[in-house]
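The values are calculated or read from the model by the stated rules, or taken from the named source; none is laboratory data. What you are looking at is a predicted structure, and each value in this text was computed from that prediction instead of being measured. Methodologically, a virtual Cβ is constructed for each residue, glycine included, from the backbone with ideal geometry; neighbour enumeration extends over all protein chains shown.
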Amino acid sequence: MATLRLHAIKKSLDSKPVVFEEHERRSVLFGKNVFNENTMRQYLTKDAFLGVMDAVRYGKKIDRAIADQVASSMKDWALSKGVTHYTHWFQPLTGATAEKHDAFFETVGEGNSIEKFGGSQLVQQEPDASSFPSGGIRNTFEARGYTAWDPTSPAFIYDTTLCIPTIFVAYTGEALDYKTPLLRALHAVDDAATAVCKYFDKNVKKVVSSLGWEQEYFLIDKRLATSRPDIMLTGRTLLGHSSAKGQQLDDHYFGSIPKRALNFMKELETECMLLGIPLKTRHNEVAPNQFELAPIFEEANLAVDHNALLMDIMGRVASKHNFKVLLHEKPFAGVNGSGKHNNWSLSTDTGVNLLAPGKTPMSSLQFLTFFINTIKAVHEHEALLRAAIASASNDHRLGANEAPPAIISVFIGEQLTRVLEELEGVTKGKLSPKEKTELKLNVVGKIPDVLLDNTDRNRTSPFAFTGNKFEFRAVGSMANCGNPMTVLNTIVAKQLKDFKKEVDTLIDKKDLKKDEAVFNVLREYIKSTKPILFEGNGYDAAWEAEAKKRGLSNNKTTPEALKARISKASIALFEEMGVMSAIETKARYEIEIEAYILHIQIESRVLADVARNHIVPTAVKYQNILIENVRGLKEIFENNYKTVSKEQINLIEQISSHIEGINANVTKMIEARKHANQMDNIEKKAEYYCNHVKSLFDDIRYHCDKLELLVDDEIWPLTKYRELLFTR
Ligand code: ADP
Ligand code: MG
């Protein structure tokens with residue numbers, strides 16, 4: 001076969017789809033491989049069960065004797081399911097998941113052996129974690145990291161391994177993962193929200209943050225994907241001319257799911273059911289070979305774990321079906337990229353969704369309280385929220401007129417805008433009984449019947465209210481949801497805490513009634529948060545100018561955006577809310593900026609390699625064929641050869657000029673890289689990579705893509721867009 005590309009295409013065309021049949025109802029499969037409440041009831045003594053449940057519900061410590069009992073039962077359960085190994089399962093700051101398997105098997109002398117798993121192995125481990133990013137934390141403290149059991153996320157079995165969700169921290173307690181700050185943020189929002197709920201209902205003891213993510217992805221034939229070094233090493237195509245047909249006909253979106261993809265989905269969903277991941281929807285997305293799946297929402301910590309686990313499993317199941325899953329935010333130029341909407345809400349242990357309008361005026365006032373406080377939190381911390389979703393790969397999407405812009409704003413819809421306008425007119429200080437009744441009946445009390453059908457879907461908004469939840473839509477498809485969820489819950493916690501202080505002051509000092517005080521504070525919030533509310537088209541250039549006037553940040557690149565992470569205000573915020581120490585915040589910044597540099601560096605190397613070692617030689621080869629042809633024409637036509645070989649000569653010249661374009665820019669890019677690599681200041685280095693290395697990608701790509709249009713298809717080495725996107 002002439003090229004790896006043609007070989008891959010042939011293999012792909014010759015192979016039969018892998019069929020997957022479902023034999024069992026999903027409700028029967030659901031949670032079968034999870035050490036969940038049901039399983040615990042069966043396997044644990046009453047004391048152990050109550051001990052774990054107290055830890056799950058109220059964050060109580062599990063004592064050693066109970067841990068031993070739990071471990072022993074977990075082992076029995078796991079062995080009954082053919083499990084041989086266990087692992088602490090965690091999410092280091094690489095964004096991926098990590099595991100190191102240990103066998104239950106132990107020798108006990110004289111050639112005997114047993115299966116063993118004790119409380120100490122369940123509760124804590126010390127993996128050799130020196131190669132995980134620590135942002136300088138470990139260097140500073142010269143200490144190792146350890147993992148510690150998170151009982152709020154149940155253990156599960158994958159394949160033949162018992163996986164125990166854990167946090168990952170340095171010996172000195174600093175978080176080295178995404179889960180630890182998330183748990184702290186969830187605790188902070190619980191405290192703050194519960195305190196505010198008590199204005200409305202004294203019985204509320206706990207507030208839980210929920211997350212329902214929607215995961216977009218591409219499914220590409222594995223043989224074709226592996227034929228491309230850029231996809232293999234960077235998760236995206238660095239070059240490739242767009243296909244004549246792309247997504248312009250909108251014929252993929254919500255269309256019938258291709259058979260082969262459906263087999264993959266069925267198997268993936270079956271795996272997820274066993275693991276207790278409540279997948280609910282699946283459909284084709286806008287771009288060809290692009291899909292989306294979403295679960296039923298869950299408690300945020302569990303939802304984050306489930307998304308991380310899902311991303312891992314997707315890759316494994318896809319491989320069985322000869323697919324490669326691309327989770328990258330922008331795998332292909334010219335067609336839509338992928339995101340991960342984070343649907344977020346808060347609900348009480350009494351079963352009330354605090355972001356859903358209630359049935360009575362009082363519960364609707366509670367709704368408005370949480371609704372307006374969330375808007376205010378986003379307004380105060382918009383730059384930090386943008387930083388929470390910053391990555392080299394997500395930069396391709398934000399502001400690229402297909403995803404929410406890099407400017408954070410909040411969409412609330414026409415009806416709620418009107419409600420806020422009316423509330424803005426509330427009298428300052430004490431309210432007359434008439435005004436109070438009027439407010440409660442005609443403004444607050446009118447909310448429920450109009451809301452759900454009026455949640456206009458403004459797809460361009462990065463943070464939209466959709467009826468009973470906010471959708472944070474700018475999260476990247478590859479991202480670990482832990483980071484954005486930590487930031488969102490922290491800023492809302494801080495806001496609710498401040499709100500409570502203000503309301504209490506009005507009650508104590510101004511002698512206002514509770515509801516009067518709430519109305520008064522909310523009125524001021526409505527006035528001050530107007531700049532963050534935007535109902536228009538986020539893709540419109542006019543919005544950029546308008547947002548600037550409103551004082552909103554517009555950080556288009558990761559190096560710019562990340563600065564908000566280590567502003568004085570952010571450091572103080574995380575410290576105050578007990579979510580991250582200054583050391584932890586700074587460490588994260590370093591890790592993220594370093595990751596940015598490395599991503600661009602790798603892409604730059606791959607691009608240079610592919611352009612120089614694959615594209616240029618191919619272009620030369622084709623040029624030689626043309627030269628040979630011109631020579632032949634000259635032999636036949638002698639003096640008249642220029643007329644008959646005019647087009648060939650033109651092609652030869654064009655090829656030369658593109659080769660020159662590639663080589664000149666690649667040389668320039670390598671020089672820029674060399675320069676950047678000598679810089680000590682990582683912030684400056686990241687900026688240099690962004691502005692002087694990455695900025696050359698488009699030029700190099702331009703010449704390569706032009707050559708793709710000129711060179712004989714038969715010898716073109718890289719699998720083309722039409723093949724990647726339309727092979728089903
Ligand atoms: P779409 O936004 O695509 O129309 P939905 O709004 O129905 O889809 O739901 C998307 C996701 O939002 C799902 O994961 C769903 O479980 C989740 N979701 C629904 N209600 C809530 C809520 N109150 N809190 C958090 N997530 C929710
Ligand atoms: Mg949605």
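Some values worked out for this structure:
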item	result
The range 677-728, residues that are among the small types (Gly, Ala, Ser) and touching a Phe, Trp or Tyr at 6+ places or on another chain (Cβ under 9 Å)	Ala686
Residue in the range 581-588 that is modelled with pLDDT under 95, in a helix (DSSP H, G or I), under 26 Å from Gly482 (Cα atoms) and of a type in the set (A, V, I, L, M) present	yes
Yes/no for Asp221 being more than 25 Å from the chain's Cα centre (by Cα), closer than 22 Å to Leu293 by Cα and not polar (S, T, N, Q)	no
Given (1) in contact with a helix residue (DSSP H, G or I) (Cβ under 6 Å, 6 or more places away or on another chain); (2) among the small types (Gly, Ala, Ser); (3) outside any helix (DSSP H, G or I), index of the condition Ala225 fails	(3)
Residues within the range 643-690 that are in contact (Cβ under 8 Å) with a residue 60 or more places away in the chain and of a type in the set (Ser, Thr, Tyr), tallied	1
Check on Gln91, in the same structural domain as Pro151 (by TED's automatic domain parsing), buried (at least 18 other Cβ atoms within 10 Å of the Cβ) and not small (Gly, Ala, Ser)	yes
Criterion: farther than 30 Å from Val18 by Cβ and touching a residue at least 12 places away in the same chain (Cβ under 8 Å) - qualifying residue of Asn336, Asn322, Asn342	Asn342
Boolean, Gly95 is closer than 30 Å to Thr486 by Cα and out of contact with any Asp or Glu (no Cβ under 8 Å at 6 or more places or on another chain)	yes
Filter pass, Val196 being assigned to a loop (DSSP other than H, G, I, E, B), among the aliphatic types (A, V, I, L, M) and over 27 Å from Glu402 (Cβ atoms)	no
1 or more residues closer than 18 Å to Thr226 by Cα, more than 10 Å from ligand 1 (Cβ to nearest atom) and among the aliphatic types (A, V, I, L, M): qualifying strands (runs of 3 or more DSSP E) within the range 274-343	323-326
Those residues of the range 464-511 which are farther than 15 Å from Ala383 by Cα and among the β-branched types (Val, Ile, Thr), in sequence order	Thr466, Val503, Thr505, Ile507
Scope the range 310-343; condition under 30 Å from Asp14 (Cβ atoms), of a type outside the set (Ser, Thr, Tyr) and within 16 Å of ligand 2 (Cβ to nearest atom); matching residues	none
Filtered residues of the range 386-442 (kept if polar (S, T, N, Q), part of a helix (DSSP H, G or I) and either under 23 Å from Pro357 (Cα atoms) or in the same structural domain as Asn691 (by TED's automatic domain parsing) (or both))	Gln415, Thr417, Thr437, Asn442
Cβ pairs under 6 Å, 6+ apart, first in the range 290-301 and polar (S, T, N, Q), second more than 8 Å from ligand 1 (Cβ to nearest atom) and assigned to a strand (DSSP E or B)	Gln290/Phe218
